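Asks: One structure, pasted below without further comment.
The values are calculated or read from the model by the stated rules, or taken from the named source; none is laboratory data. The model shown is predicted, which means the values in this text are computed figures rather than measured ones. Cβ placement follows ideal geometry from the backbone for every residue including glycine, while neighbour counts extend to all protein chains displayed. Only protein heavy atoms, including side chains, enter the accessible area calculation; ligands, DNA and RNA are left aside. Shrake-Rupley method; radii C 1.70, N 1.55, O 1.52, S 1.80 Å.
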Amino acid sequence: MLVMLVLGVLSDREALFLLFGVLGYLGWHLFNLVRLLRWFQGGKRFHPPEVNGVWEEVFYNIYRLQQRNRLRRRRIVRMLNRFQEATAVMPDATAVLSIQGEIEWWNNAAGELFGLRAPLDRGRRIVNLVRHPVFTEFFATGDYTVTVQFPSPVNEQVMLAVRVVPYGKDHLLLVGRDITPIYRLEQIRRDFIANVSHELRTPLTVIGGFLETMSEDEDERTHHWGRSLHLMRQQTSRMQHLVEDLLLLSRLEMERGLHPRDVVVVSGVLAGIREEAVALSGERRHAIHLDADPRVRLQGNSEELRSAFSNLVFNAVQYTPAGGDIYIRWYADISGAHLEVSDTGVGIAAEHIPRLTERFYRVDAARSRESGGTGLGLAIVKHALNRHDAQLSIESELGKGSTFACHFPPHLMVRIT
Ligand code: ADP
């Protein structure tokens with residue numbers, strides 16, 4: 001440009017030479033811009049063309065940036081490959097789903113356990129391939145806090161435990177595990193308890209029957225055995241209760257799904273339980289108060305609900321000193337329907353509360369046995385409530401009393417207006 005200006009001054013045509021100069025300069029920029037564009041479009045030609053001036057700087061900086069990105073991309077791809085290799089050989093079945101349930105990726109174990117075939121099943125909805133009702137219902141409700149168990153669609157003998165974990169903005173991770181050995185052991189345990197209880201039932205009924213007949217006989221021999229007969233009858237009746245509770249518990253555990261689902265008039269059931277509780281209280285004359293909203297009803301199994309509620313009310317009677325108060329309340333609010341059984345009894349120390357629903361867990365075993373308890377009552381309550389999607393909550397203060405509450409979800413509630 002300076003050369004053009006000097007030439008212009010020398011030839012007295014500054015403007016013309018300046019114009020040529022500017023045009024030349026612009027042309028050079030345009031030429032380099034086109035080269036830059038070509039270089040970008042060239043794609044695979046990594047090295048920038050030979051340039052000089054300010055364009056050298058521009059080409060060089062872009063080139064460096066490209067190199068850095070290329071390195072970073074290569075590192076990410078390598079990491080991704082390594083991650084995919086690791087997940088592919090993981091023994092747990094893993095699949096990546098879109099939020100609508102379309103399968104995007106899966107590992108070898110998922111292919112084997114869920115029967116997914118590549119590339120045929122890519123993009124298909126998981127519920128169209130895994131069609132077990134337990135899974136389809138679980139996927140439809142979208143409550144991914146729980147783990148579901150069902151047999152593998154490929155092999156009925158293989159039991160799967162499946163979880164779904166939402167991640168990112170719109171993806172789901174499906175994780176499945178083969179739990180066949182644990183499931184079999186559980187089944188053996190359940191069958192064993194059910195069979196033993198069943199086998200004990202008949203001999204106990206026979207012994208109980210004979211003992212009753214003998215105690216009704218008024219002859220001298222039975223009179224002599226009076227106290228022993230009484231004790232034998234008491235113990236037989238305890239064992240009969242135990243067997244009945246064990247059978248009920250295994251039935252609750254074994255039956256899948258809730259059958260039948262009636263609309264249960266809970267206030268009526270509670271009125272009956274109250275009558276029985278008054279009889280159980282007898283001489284101890286507890287004041288048993290019932291406040292139940294007859295308009296609030298529940299979809300469920302009336303026998304299972306009766307067992308659960310009566311266990312709570314009878315416990316309140318057993319563990320409350322004579323003359324104490326027991327309150328039974330049945331009501332609904334926006335979170336669902338609730339049954340509360342409060343007593344002014346012995347109460348339970350905080351450390352025992354989390355374990356009360358375990359089978360045979362008793363705070364005071366001698367006292368429980370003395371009052372005819374089997375130690376299975378609250379385990380029955382928990383199972384019956386589980387089958388109704390309900391929760392048990394326990395609050396208690398030693399020496400003051402306890403409140404046992406059952407919380408039923410709104411979808412099981414039927415409100416009569
Ligand atoms: P049990 O047949 O021994 O009553 P449960 O499973 O019904 O068995 O109850 C477990 C234990 O919880 C009882 O042994 C008792 O110690 C305690 N418990 C249950 N209900 C009450 C209550 N209302 N007040 C105090 N303790 C209770």
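Asks: Taking interchain pairs and intrachain pairs at least six residues apart, which have beta carbon atoms under 9 angstrom, with the first residue in segment 275-291 and open to solvent by 40 Å² or more (accessible area, probe 1.4 Å) and the second among the aromatic types (Phe, Trp, Tyr)?
Replies: GLU276/PHE314; LEU280/PHE314; HIS289/TYR327; LEU290/TYR327; LEU290/TRP330; ASP291/TYR327; ASP291/TRP330; ASP291/TYR331
Asks: Just for segment 167-190: of the residues that are at negative phi and part of a loop (DSSP other than H, G, I, E, B), which one is most open to solvent (accessible area, probe 1.4 Å)?
Replies: Applying the filter and picking the extreme gives LYS169.
Asks: Just a yes or no: is a residue in segment 150-166 small (Gly, Ala, Ser), on the phi > 0 side of the Ramachandran plot and in a loop (DSSP other than H, G, I, E, B)?
Replies: No, the conditions are met nowhere in segment 150-166.
Asks: Checking ARG125 against (1) under 25 Å from MET254 (Cβ atoms); (2) at pLDDT 95 or above; (3) not hydroxyl-bearing (Ser, Thr, Tyr): exactly one of these is not met. Which one?
Replies: Only one criterion in (1) under 25 Å from MET254 (Cβ atoms); (2) at pLDDT 95 or above; (3) not hydroxyl-bearing (Ser, Thr, Tyr) is unmet by ARG125, namely (1).
Asks: Looking at segment 147-161 only, could you name the residues that are closer than 16 Å to THR94 by Cβ and in contact (Cβ under 8 Å) with a residue 40 or more places away in the chain?
Replies: Within segment 147-161, LEU160 is the sole residue that qualifies.
Asks: Of the residues SER396, SER368, which is buried (at least 17 other Cβ atoms within 10 Å of the Cβ), under 19 Å from GLN240 (Cβ atoms) and assigned by TED's automatic domain parsing to the domain that holds SER310?
Replies: The unique qualifying residue is SER368.
Asks: Given HIS411, HIS407, which one is surrounded by fewer than 21 Cβ atoms within 10 Å (Cβ to Cβ), more than 9 Å from the ligand (Cβ to nearest atom) and modelled with pLDDT of 95 or more?
Replies: HIS407
Asks: So which residues in segment 309-356 are open to solvent by less than 30 Å² (accessible area, probe 1.4 Å), more than 14 Å from the ligand (Cβ to nearest atom) and aromatic (Phe, Trp, Tyr)?
Replies: TRP330
Asks: Report, by residue number, each residue of segment 373-392 that is more than 8 Å from the ligand (Cβ to nearest atom) and either over 23 Å from TYR327 (Cα atoms) or open to solvent by less than 40 Å² (accessible area, probe 1.4 Å) (or both).
Replies: Matches in segment 373-392: HIS383, ALA384, LEU385, ASN386, ARG387, HIS388, ASP389, ALA390.
Asks: Quick check on this structure: which one of VAL162, VAL196 is in contact with a Gly (Cβ under 9 Å, 6 or more places away or on another chain) and either surrounded by 11 or more Cβ atoms within 10 Å (Cβ to Cβ) or closer than 19 Å to THR374 by Cα (or both)?
Replies: From the options VAL162, VAL196, the qualifying one is VAL162.
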